[in-house]
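> Below is one structure. I have some questions about it.
The values are calculated or read from the model by the stated rules, or taken from the named source; none is laboratory data. Being a predicted model, the structure only gives us computed values, none of them experimental. Glycine gets a Cβ as well: all are built from the backbone with ideal geometry, and neighbour counts include every protein chain shown.
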Amino acid sequence: MKNNAILVRMATLSLLIALLSVNTAWSQTGKGTVPQIIEKNGRHALLVDGKPFLILGGQAHNSSAWPGMMPQVWTAIEEMHANTLEVPIYWEQIEPQLGKFDFSLVDTLLKQGREHKVHLVLLWFATWKNGSSHYMPEWMKREPSKYPNITGKNGQPVDSPSPHTQAAMEADAKAFKAVMGYLEKADQQHTVLMVQVENEPGSWGSVRDYSAEAQKLFEGQVPEKLLKPEILKALNKPTDAKGTWTEVFGKDADEYFHAWSVASYIGYVAAAGKLVNSLPLYVNAALRDPISNPSANTYESGGPTDNVIPIWKAAAPAIDLLAPDIYLPESERALKVIELYDRSDNPLFVPEIGSGEEYTKYFYSVLANGGIGFSPFGIDDNGRGEGKAETETRLASIAQEYTMAGPMMRELAKWSFEGKIKSVVEHEDHAAQTIDLGSWQATVSFGASGRQTVQANTRPIGKAMIVQLGENEFVLIGSLCHFNFKPVGANAGKAWQYLKVEEGQYVNGTFRLLRIRNGDETDWGGPRIGAVPAVLHTTLITR
Ligand code: DGJ
């Protein structure tokens, strides 16, 4: 479908939803309960106002959280139909002089978030931002010997803060505690859902700190807290290992030592904040290749990459979750990352993902893996002077999904928490895929469908999810896909048909019918969905 047609369809859908709904994401009525993450049977939910909530997010560019830049951020959020803005707060701005705090930008964000009826996730850009310390306040930058960087293997300077500096850690913890304490008072209605502590911590350019002080620690004993059998097992090491880092971890010693050091520092900062405010906290990861087990000098070492999650969990218990920033469009890799960060001890949340159309499909994978939210990075035009039409086109693919998901966000969050959602996304080979549903099996093929034909997508952007509400009752959602059911198991060999395929929308907890699909819209194999996502409440029957 051409962009214009998509936009018209989306506008109609938005209008319909606006007429039917109040904003289900926004039920703040004064002092509410603090957002919290709960776990049941290894699955997780983010509770907001006491009920599972799905973050339909978007992250602003790094330098956009200034009052003069915010209008374009809100334009993007509105365009996307997002319910949550992820936005940085800057240590250098908040503590311009030692011990003197300025929360004016935090106030602006809280006020504007409430005016727009959009929640916030605040990103604490402090000791680490993408491995460097460029957001440390000036008074720290001017004292490099008090707040040093790490030293590389051959003594070379590395643009990455040392995790072994007590003074920096105390300063960060004090400032973070001040921020969290401020939020506790200024945000009793819980506009803020979560806080990210630092940003993509770790080091580029050196696997660890080789300074004399760090070397001494490295040659010391591995801390008891890390020598628990279950942790060693998860790290593929003998469960009774003990001794120095090299003795216990062999070739992985340098990276694991750095991960432990960075995680302990951030764990300390996080714990200081948690003392005064129990909001969920997380740390985001610059990923390593999730499949090839690459050497640590090829990625940002020390951050919560998939191989060191157990180390982070042991070192930083005040952190509720470790979150992958996904900039790997290829389906095998992106899906592997989602699988690796969906753990019974780690709620899945994708705080950053590319904003291009090729990434949108992973929203479905995140839901099927029990994720609590999804948030493309760099949503605003970042001062480029983009026109409205350009913003619309740039954000169209995620906007369509959020337009669909917004009014049924509570249902999606609940179904995801209950493990009722299964999804498939189109891979680079465009092949059809199956979803097992007990006594039914669905085959999903991808492409723009005519009545009998499917025209293959030129790019792998198709997606589908199936929510299983009962043995024969499903909600089918997707775009550029074609569903085809087959009776299997107890139903194998039986004649069957669609009892009813209802197209519509869940609004405020009730399904509102747009039409009953029948005839060409369900024959020829099964229901097809074009470029605009649709929600099909579908019941099958055997005869
Ligand atoms: C990942 C970082 O976490 C973001 O802050 C931003 O720098 C993006 N990379 C840029 O692509």
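> Going through 119, 134 one at a time, which residue ends up being more than 16 Å from the ligand (Cβ to nearest atom), touching a strand residue (DSSP E or B) at 6+ places or on another chain (Cβ under 9 Å) and of a type outside the set (A, V, I, L, M, F, W, C)?
119
> Do we find a residue being crowded, with 23+ Cβ neighbours inside 10 Å and assigned to a loop (DSSP other than H, G, I, E, B) anywhere in the stretch 136-152?
The answer is yes, given that some residue of the stretch 136-152 is crowded, with 23+ Cβ neighbours inside 10 Å and assigned to a loop (DSSP other than H, G, I, E, B).
> Checking residue 422 against (1) in a strand (DSSP E or B); (2) in contact (Cβ under 8 Å) with a residue 60 or more places away in the chain; (3) not small (Gly, Ala, Ser), which test does it fail?
(2)
> Sticking with this structure for a sec: Surrounded by fewer than 23 Cβ atoms within 10 Å (Cβ to Cβ), of a type in the set (Val, Ile, Thr) and modelled with pLDDT of 95 or more: is that true of residue 477 in this structure? Can you show your working first?
Details: surrounded by fewer than 23 Cβ atoms within 10 Å (Cβ to Cβ): no; of a type in the set (Val, Ile, Thr): yes; modelled with pLDDT of 95 or more: yes.
Judged against the criteria, residue 477 is not a match.
> Of these, 452, 468, 441, 433, which one is modelled with pLDDT under 95 and either touching a strand residue (DSSP E or B) at 6+ places or on another chain (Cβ under 9 Å) or surrounded by fewer than 23 Cβ atoms within 10 Å (Cβ to Cβ) (or both)?
It is 452.
> Assigned to a strand (DSSP E or B) and of a type outside the set (D, E, K, R): which single residue out of 105, 85 fits that description?
Numbers: 105 fails: assigned to a strand (DSSP E or B).
Result: 85 is the single residue among 105, 85 that is assigned to a strand (DSSP E or B) and of a type outside the set (D, E, K, R).
> Somewhere in the stretch 490-499, is a residue farther than 15 Å from residue 440 by Cβ, in a strand (DSSP E or B), modelled with pLDDT of 95 or more and in the same structural domain as residue 474 (by TED's automatic domain parsing)?
no
> Could you check, for the stretch 485-500, whether at least one of its residues is under 29 Å from the mean Cα position of the chain (by Cα) and of a type outside the set (Phe, Trp, Tyr)?
Looking through the stretch 485-500, none of the residues is under 29 Å from the mean Cα position of the chain (by Cα) and of a type outside the set (Phe, Trp, Tyr).
> Looking at 493, 526, 504 in this structure, which one is out of contact with any Phe, Trp or Tyr (no Cβ under 7 Å at 6 or more places or on another chain) and either of a type outside the set (Phe, Trp, Tyr) or over 22 Å from residue 423 (Cα atoms) (or both)?
493
> Okay, moving on. Give me the residue from the stretch 54-67 that is under 17 Å from residue 116 (Cβ atoms) and more than 16 Å from the ligand (Cβ to nearest atom) and, out of that set, farthest from the chain's Cα centre (by Cα).
Checked the stretch 54-67; the qualifying residue farthest from the chain's Cα centre (by Cα) is 67.
> Go through the stretch 64-94 and count every residue that is surrounded by fewer than 16 Cβ atoms within 10 Å (Cβ to Cβ) and in contact (Cβ under 8 Å) with a residue 40 or more places away in the chain.
Residues flagged as surrounded by fewer than 16 Cβ atoms within 10 Å (Cβ to Cβ) and in contact (Cβ under 8 Å) with a residue 40 or more places away in the chain within the stretch 64-94 amount to 1.
> Going residue by residue through the stretch 284-296, is there one that turns out to be farther than 24 Å from residue 216 by Cα, part of a helix (DSSP H, G or I), at pLDDT 95 or above and not hydrophobic (A, V, I, L, M, F, W, C)? Break it down stepwise before answering.
Going residue by residue through the stretch 284-296, those that are farther than 24 Å from residue 216 by Cα are 284-294.
Subsequent filtering for residues that are part of a helix (DSSP H, G or I) retains none.
Within the stretch 284-296, not a single residue is farther than 24 Å from residue 216 by Cα, part of a helix (DSSP H, G or I), at pLDDT 95 or above and not hydrophobic (A, V, I, L, M, F, W, C).
> Is it the case, given these coordinates, that residue 44 is at pLDDT 95 or above and not in a loop (DSSP other than H, G, I, E, B)? Before you say what the answer is, go through the steps one by one.
Values: at pLDDT 95 or above: yes; not in a loop (DSSP other than H, G, I, E, B): yes.
Here the answer is yes, as residue 44 does meet what is asked.
> Another question, if that's okay. Taking the condition surrounded by 24 or more Cβ atoms within 10 Å (Cβ to Cβ), aliphatic (A, V, I, L, M) and without any contact (Cβ under 8 Å) to a residue 60 or more places away in the chain, does residue 337 pass?
Taking the combined requirement at face value, the residue satisfies it.
> Additional query: Does the stretch 342-369 hold any residues that are surrounded by fewer than 23 Cβ atoms within 10 Å (Cβ to Cβ) and in contact with a His (Cβ under 8 Å, 6 or more places away or on another chain), and which are they?
Correct list: empty.
> Find the helices (runs of 4 or more DSSP H) located wholly in the stretch 178-254 whose residues include 2 or more that are aliphatic (A, V, I, L, M) and assigned by TED's automatic domain parsing to the domain that holds residue 107, and list them.
212-219, 229-234
> Please return the ranges of strands (runs of 3 or more DSSP E) entirely within the stretch 310-402 where 3 or more residues are over 26 Å from residue 429 (Cα atoms), within 16 Å of the ligand (Cβ to nearest atom) and in the same structural domain as residue 239 (by TED's automatic domain parsing).
Per the criteria, 321-326.
> Looking only at the stretch 278-325, count every residue that is hydrophobic (A, V, I, L, M, F, W, C) and touching a Gly at 6+ places or on another chain (Cβ under 7 Å) and tell me the total.
So the first thing to find is which residues in the stretch 278-325 are hydrophobic (A, V, I, L, M, F, W, C), and the list is 279, 281, 283, 285-287, 291, 296, 308-309, 311-312, 314-316, 318-319, 321-323.
From what is left, the residues that are touching a Gly at 6+ places or on another chain (Cβ under 7 Å) are 281, 285-286, 315-316, 318-319.
Counting residues in the stretch 278-325 that are hydrophobic (A, V, I, L, M, F, W, C) and touching a Gly at 6+ places or on another chain (Cβ under 7 Å) gives 7.
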